[in-house]
């Protein structure tokens, strides 16, 4: 009985010794995030009235606030960010007083 327990323990030890369990081996990607706020008229078919972006979040990046703020349409914004290798993550929109739409675009890029 004792030899069976020792044998089972040795077999379990050899089976599990081949497994490498280490948290550092996992490849966890880290991302930079940018939020771009687009303000447009509600009946303007995607034409942008104003764009706001946090200039601090662009520090050290290849894109600039001036380039983003000069964009005139939503499609142009998405194409610009895609060409700069920023992935689109999410979009949220709110409509205040039926004349203006505020749209928040979230982009991410692998660090």
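The numbers here are math on the coordinates, done by the rules we state, and not lab data. Computed from a prediction, not measured in an experiment: that's the story for all the values here. Reconstructed Cβ throughout: ideal geometry from the backbone, glycine too, with neighbour counts over all protein chains shown.
Side notes on the structure shown:
- Extension gain for residue 106 to residue 59 (0.36 nm times residue separation, less C-alpha to C-alpha distance): 15.2 nm.
- Legend: P(r) of the range 45-111 from all alpha carbon pair distances, 10 Å bins from 0, whole percents, reading 18, 56, 23, 4.
- Given their separation in residues at 0.36 nm each and the Cα-Cα distance between them, residue 87 and residue 50 gain 11.2 nm when the chain is fully extended.
- Simple spin-label estimate for residue 95 and residue 39 gives 1.9 nm between the two label positions (7 Å along the Cα-to-Cβ direction from each Cα).
- The simple Förster model, with R0 at 30 Å and r as the Cβ-Cβ distance, assigns residue 28 and residue 69 a FRET efficiency of 0.35.
- Simple spin-label estimate for residue 2 and residue 80 gives 7.9 nm between the two label positions (7 Å along the Cα-to-Cβ direction from each Cα).
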